[in-house]
Every structure is written in C-alpha cells, then in structure tokens.
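Data first, discussion second: the structure below is written as structure tokens.
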Amino acid sequence: MEIKIRKTQQRIQEWYEAWNGNIHVSFSGGKDSTVLLHIARGLYPDIRAVFADTGLEYPEIRSFVKGTENVTWLKPKYSFKEVISKYGYPVISKEVADAVHQYRLDLISGKESQRAKMLKGTALDKQGRISLYDKSKWLFLVDAPFKVDAKCCYHMKKAPFHRFERMTGSKCMIATMAVESRLRETAWLKNGCNAFEAKEPKSTPMSFWKEEDVLQYIRIFEVPYAPVYGEIVEKELPRGRGCKLVTTGLERSGCMFCMLGIHLEKEPNRFQRMKLTHPTIYEYCMRDVELGGLGLNKVLDYIGVNY
C-alpha cells in the first residue's frame with residue numbers, strides 16, 4: 001500500500017509539473033475518484049475537482065459531491081433519454097454496443113468493418129486464429145427491436161469534459177484502474193500512467209491499483225466517502241484463503257441507468273437493489289418509453305437479465 005501511494009504521488013507530481021499546475025481531477029463522487037482526490041490534495045490542496053452532472057448519479061453521490069470543496073459542475077447538452085432515443089441503449093460493454101451499431105451500419109452500406117467481423121466471429125489475429133476480441137456471442141443483438149450503441153458515455157461525460165478542457169487548458173487526472181477492463185489495461189501498457197504523448201493527454205495515476213487497495217486506503221486514512229457504498233467490512237474467502245475487503249452497499253456506483261456489465265452481476269443485481277433502495281427511480285427506468293420512462297425493461301428482457 002505504501003509503495004502504491006508513493007508511486008501515485010510521483011505520477012501526480014510529474015503531471016502537475018508538466019502542465020504548470022493547470023490540472024484537475026475527474027471527480028465522479030465514487031470511491032475511486034474520492035481516493036485520487038484525497039491523494040492529490042494531500043500534495044496540492046488547491047487542485048480542482050470537476051464533476052459531470054449527468055442526472056444519472058445516485059442521489060447520495062450528488063449529495064456527497066455537493067459537500068466536497070472546490071468542485072466545478074459541468075452539464076451535458078443532452079439528457080440520457082435524448083441520447084438513447086437518438087443513438088441507442090448501452091448494453092453488455094462499450095465494445096459490444098459499438099460493434100452492434102457498426103454492424104447495422106454495414107448492413108446498410110454493404111461494407112464489412114473489423115467490428116462487424118468481431119461480432120460475426122470471423123475476425124482473425126496475425127496467426128490466423130480467432131481474435132481474442134471475438135464478440136460472436138452477442139450477434140443476436142443485431143436483431144434487437146431497439147437501438148444499441150455506447151455513445152451515451154461520450155455525450156454525458158466526455159463531451160462536457162472536453163469543452164471544459166478546451167476552455168481552461170486544464171489537463172485531466174482520472175481514477176481508472178487497469179484491472180477494470182482489457183481496454184484500460186491495454187492503454188496503460190501502451191502509455192503508462194501519464195499519457196503525455198496521447199492525442200488527448202491524460203493521467204491515470206492509480207492504474208496499478210486494485211479494488212481492495214481503494215477500500216484499504218479509505219480505512220487507513222479514514223477518508224469520507226459516499227454513503228451509497230455502505231460500510232467497508234472484511235469478507236472471509238472460501239477454502240480458508242483469508243479475507244478481503246468489501247462494501248455492504250454498492251460495489252460500484254457508476255450511472256444508475258447504465259446496463260453495461262449487468263449480465264455479469266450476481267443477483268441481486270444493480271436494478272434489483274435499486275427496486276428496494278430507490279423505487280421511484282426504478283419505476284422510471286422500467287416504464288415504457290411511450291409512457292414517459294426509459295424502457296430498460298425491454299432491453300433487460302431481451303438479453304435475459306432479471307430485474
């Protein structure tokens with residue numbers, strides 16, 4: 001833990017010095033970005049936090065952000081409902097949703113993109129074997145009676161941050177970790193924590209952390225965090241393999257209406273818990289679009305996820 005903290009501090013210092021202090025923390029109000037902000041302000045107390053007020057956050061997260069000092073609030077141009085109506089629902093993963101969207105475009109154009117090949121299971125690696133990025137399991141989504149795409153993340157979060165960064169010149173630090181996805185692991189291995197030479201320079205100084213590191217840091221330094229996670233407790237591992245830290249509430253906060261990764265969750269999943277903890281929001285999510293809701297029920301039914 002001590003080594004990880006020191007390395008993260010070093011990456012933050014390098015980022016701060018490279019941009020003459022004109023940097024900010026992308027602050028979601030979640031536990032990961034809360035830890036990053038705590039470490040960064042331990043070095044530079046005046047570092048700004050920037051929050052994208054998408055309207056998709058848990059009420060407890062918004063309240064926690066409101067109670068945090070020196071936070072700049074950004075607003076997206078479009079609501080989530082407008083984005084899914086125009087582009088489609090984010091489902092399974094960003095890569096799968098993008099592949100389904102591109103496949104449908106290919107059907108119209110008559111072309112065959114690499115993404116379409118991955119969805120069809122015909123994409124090969126350099127050795128002529130089926131690509132590691134094969135997504136043929138999700139080919140049935142092409143025939144779904146609803147639009148599928150992952151552009152919500154861009155319009156709701158990335159676009160407001162891009163506008164902010166263009167206006168201020170400030171460079172971003174994000175609390176993403178390599179263990180969270182193959183894309184993040186690949187980006188970290190390619191660019192390191194501080195991607196100075198990337199098209200859009202950004203710092204991910206916690207890339208080498210794990211989930212339990214975050215919880216351990218919060219416990220050690222008694223860092224206040226959003227109550228939606230519940231308490232941090234020790235959970236005994238099977239077959240006498242010791243214990244690990246877990247939260248009694250949400251494991252990850254994220255966007256309340258997002259379905260990315262829902263198929264991987266054990267029950268009760270995020271929507272089943274939402275039904276108990278935030279019933280009004282749950283009803284809005286599951287209500288048909290024609291009746292003023294988001295229509296997530298039809299999507300979850302189609303992919304076979306209970307809610």
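The values are calculated or read from the model by the stated rules, or taken from the named source; none is laboratory data. Since we're looking at a predicted model, the values are computed, not measured. No Cβ is skipped: glycine too gets one built from the backbone with ideal geometry, and neighbour counts run over all protein chains shown. For accessibility, only protein heavy atoms count, side chains too; no ligands or nucleic acids. Shrake-Rupley method; radii C 1.70, N 1.55, O 1.52, S 1.80 Å.
Observations
- Among the residues of the range 257-294, the ones that are over 17 Å from G55 (Cα atoms) and part of a loop (DSSP other than H, G, I, E, B) come to 8 in all.
- Every condition in (1) within 21 Å of P90 (Cα to Cα); (2) at pLDDT 95 or above holds for R182 except the one numbered (2).
- Any chance G30 is farther than 30 Å from P145 by Cβ, out of contact with any strand residue (DSSP E or B) (no Cβ under 7 Å at 6 or more places or on another chain), modelled with pLDDT of 95 or more and surrounded by fewer than 20 Cβ atoms within 10 Å (Cβ to Cβ): no
- Contact annotation: residue pairs with Cβ atoms under 9 Å, 6 or more positions apart or on different chains, pairing a residue in the range 1-24 that is touching a residue at least 12 places away in the same chain (Cβ under 8 Å) with a partner that is open to solvent by 70 Å² or more (accessible area, probe 1.4 Å) and hydrophobic (A, V, I, L, M, F, W, C), are M1/I220; E14/F196; W15/F196; A18/F196.
- Number of positions in the range 228-256 that are in contact with a Gly (Cβ under 8 Å, 6 or more places away or on another chain), in a loop (DSSP other than H, G, I, E, B) and either more than 18 Å from E212 (Cα to Cα) or not aliphatic (A, V, I, L, M) (or both): 7
- Of all residues in the range 182-215, those being within 26 Å of F164 (Cα to Cα), touching a helix residue (DSSP H, G or I) at 6+ places or on another chain (Cβ under 9 Å) and either open to solvent by less than 30 Å² (accessible area, probe 1.4 Å) or assigned to a loop (DSSP other than H, G, I, E, B) (or both) number 14.
- Meets criteria (of a type outside the set (D, E), free of Cβ contacts under 8 Å to residues at least 60 places away in the same chain and in a helix (DSSP H, G or I)) for Y103: yes
- Subset of the range 228-243 [open to solvent by 80 Å² or more (accessible area, probe 1.4 Å) and farther than 30 Å from K66 by Cβ]: E234, K235, E236, R239, R241
- Residue satisfying condition, being more than 16 Å from G30 (Cβ to Cβ), assigned to a helix (DSSP H, G or I), open to solvent by 90 Å² or more (accessible area, probe 1.4 Å) and modelled with pLDDT of 95 or more, within set R163, R219: R219
- Among the residues of the range 8-67, those that are closer than 22 Å to K210 by Cβ, hydroxyl-bearing (S, T, Y) and not in a helix (DSSP H, G or I) comprise S26, S28.
- In the range 93-114, the residues that are in contact with a helix residue (DSSP H, G or I) (Cβ under 6 Å, 6 or more places away or on another chain) and open to solvent by 10 Å² or more (accessible area, probe 1.4 Å): Q102, Y103, D106, E112, S113
- Residue check, Y225 surrounded by 17 or more Cβ atoms within 10 Å (Cβ to Cβ) and assigned to a loop (DSSP other than H, G, I, E, B): yes
- Failed criterion for I220 (all others in (1) in contact with a helix residue (DSSP H, G or I) (Cβ under 7 Å, 6 or more places away or on another chain); (2) farther than 30 Å from L141 by Cα; (3) hydrophobic (A, V, I, L, M, F, W, C) hold): (1)
- Within the range 135-146, residues that are over 12 Å from D98 (Cα atoms) and open to solvent by less than 20 Å² (accessible area, probe 1.4 Å) reach partners that are at pLDDT 95 or above and in a helix (DSSP H, G or I) with beta carbons closer than 8 Å, at six or more positions or on different chains, in the pairs A144/V100; A144/V299; A144/Y302.
- Within the range 254-280, the residues that satisfy the criterion of being of a type in the set (V, I, T) and open to solvent by 40 Å² or more (accessible area, probe 1.4 Å) are T277, T280.
- Taking the range 33-63 as the range and being open to solvent by less than 40 Å² (accessible area, probe 1.4 Å) and more than 18 Å from the chain's Cα centre (by Cα) as the test, the residues that pass are I39, A40, I47.
- Of residues in the range 295-307 being assigned to a loop (DSSP other than H, G, I, E, B) and open to solvent by less than 30 Å² (accessible area, probe 1.4 Å), the one nearest to A150 (Cα to Cα): G295
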